[in-house]
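The values are calculated or read from the model by the stated rules, or taken from the named source; none is laboratory data. Every value quoted in this text rests on a predicted model; they were computed, and no experiment measured them. Backbone-built Cβ (ideal geometry, glycine too); neighbour counts: all protein chains shown. All accessible areas refer to the heavy atoms of the entire protein, side chains included, with ligands and DNA or RNA removed. Shrake-Rupley method; radii C 1.70, N 1.55, O 1.52, S 1.80 Å.
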Amino acid sequence: DKPVGVAAHPSPGWEGPTVIGGLAAACGLAFGLQLLAGEPAISLLTLVFCGAVALAGWLGGPGPLAARGVRIALAGVLAGGLAAAIAAPLLLPLSEILPLTYRGQHLYSAKAFGASPFALWRMAEWLFPRLNGDPGALGPGGHWQYRFHSGELVYIWAVTFGVLPLLAVVLAAARRDFWTSKTVFLAVSALVTLVFSFGFALPLYRFLYSIEVLRRLRYPIKFYLLTTLCVALLAGFAVDALRRRRPGRLEVVLLSLAVAVFGTAYLAAGPGGPLDRIVGRELALLGTPPDALLPTIRRVFRGDALFGHAAALVLG
């Protein structure tokens, strides 16, 4: 996946058995420790993600396709065996008592399976992670977006990729040298898992619920964890692409646009500004007086805007 004019110089022995075995052992150890956490949905999604990464490596790596596939398959078997051995003391007894757990007693209901879905309005948290406000200052019940999720429990407080990685991906993706078989595969995977994180808002999600073995894995927001992993890897490829590239007019325009967005947001969060009018309507539905919450929400929103400026400066 090197661009034209850049020679590839792999380290001697990179594809050798010692290196492959070491990488497989590291992967197996990490996955075995995750299995010990006892969260089946996260473990299954991680396994799917590892399979996707392995497929991308098989399709986009150097060397003959067949030989590369054999090496990846052997490494996967070694990692899986090690992970299973580490987690066996927990998984074997857990399999016997799973029907007695909270999920089992509630027959793996549709409400549990589709709890805490992602929503379009939460995309704003990609740029302003503390859009909910500061939980440490507001306390329980201090959020202002209850109308947007009908009072359901928000499974995770903020769903954000990080402003700096996101800006890096945007800048790198604007030029063709960023797009290879690996980055295209990761981008498509990020989009697919993001769509599935919307839960029953996606018609296909009801088909997943009809499969009994999948019915035991609740929370569509966990699909979003795969999205964040894909974006994290894309950010790594983006930084590498930006390092090889001389900045041009396009990069200046995109960074200037980001600065303008965060600058506008900072001004909008001033006393009596648009943020007060939007948030104030929602705070009127809470028991706490709006005047007690608005200053905190305004302050953290402005803090996120300043962080966005700093991220653009660092990236520039």
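Here is a check on your reading of the model: is Val314 within 24 Å of the chain's Cα centre (by Cα), open to solvent by 20 Å² or more (accessible area, probe 1.4 Å), modelled with pLDDT under 95 and of a type outside the set (Asp, Glu)?
Here the answer is yes, as Val314 does meet what is asked.
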- Message: Six or more apart or on different chains, Cβ atoms under 7 Å: show the pairs whose first residue is in region 188-206 and in contact (Cβ under 8 Å) with a residue 12 or more places away in the chain and on the phi > 0 side of the Ramachandran plot and whose second is outside any helix (DSSP H, G or I) and open to solvent by 30 Å² or more (accessible area, probe 1.4 Å).
- Response: Gly199/Pro117
- Go through (1) in contact (Cβ under 8 Å) with a residue 24 or more places away in the chain; (2) within 30 Å of Val192 (Cα to Cα) one by one and return the number of the condition Val253 breaks. (1)
- Item | helices (runs of 4 or more DSSP H) contained entirely in region 44-135, each with at least 1 residues that are of a type in the set (A, V, I, L, M) and at pLDDT below 85 | 65-97, 110-113
- Task: Would you point out which residue out of Arg218, Arg246, Arg277 is under 30 Å from Ala41 (Cα atoms), at pLDDT below 90 and of a type outside the set (Asp, Glu)?
- Result: Arg218
- Message: I'd like to check something: does region 168-181 contain any residue that is modelled with pLDDT of 90 or more and aromatic (Phe, Trp, Tyr)?
- Response: yes
- Give me the pairs: first residue in region 50-75 and under 25 Å from Val231 (Cα atoms) and of a type outside the set (Ser, Thr, Tyr), second residue modelled with pLDDT of 85 or more and not in a helix (DSSP H, G or I), beta-carbon distance under 8 Å, and six or more apart or on different chains, which are they? Gly60/Thr180
- Note on the structure: Of the listed residues (Leu78, Leu74), the one being under 17 Å from Gly21 (Cα atoms), open to solvent by 60 Å² or more (accessible area, probe 1.4 Å) and more than 28 Å from the chain's Cα centre (by Cα) is Leu74
- Quick one: count up the residues across region 158-210 that are among the charged types (D, E, K, R) and either touching a strand residue (DSSP E or B) at 6+ places or on another chain (Cβ under 9 Å) or open to solvent by 70 Å² or more (accessible area, probe 1.4 Å) (or both). 3
- Message: Can you pull out every residue in region 276-311 that is of a type outside the set (Phe, Trp, Tyr), open to solvent by 20 Å² or more (accessible area, probe 1.4 Å) and within 25 Å of Leu167 (Cα to Cα)?
- Response: Arg298, Arg299, Arg302, Gly303, Leu306, His309, Ala310
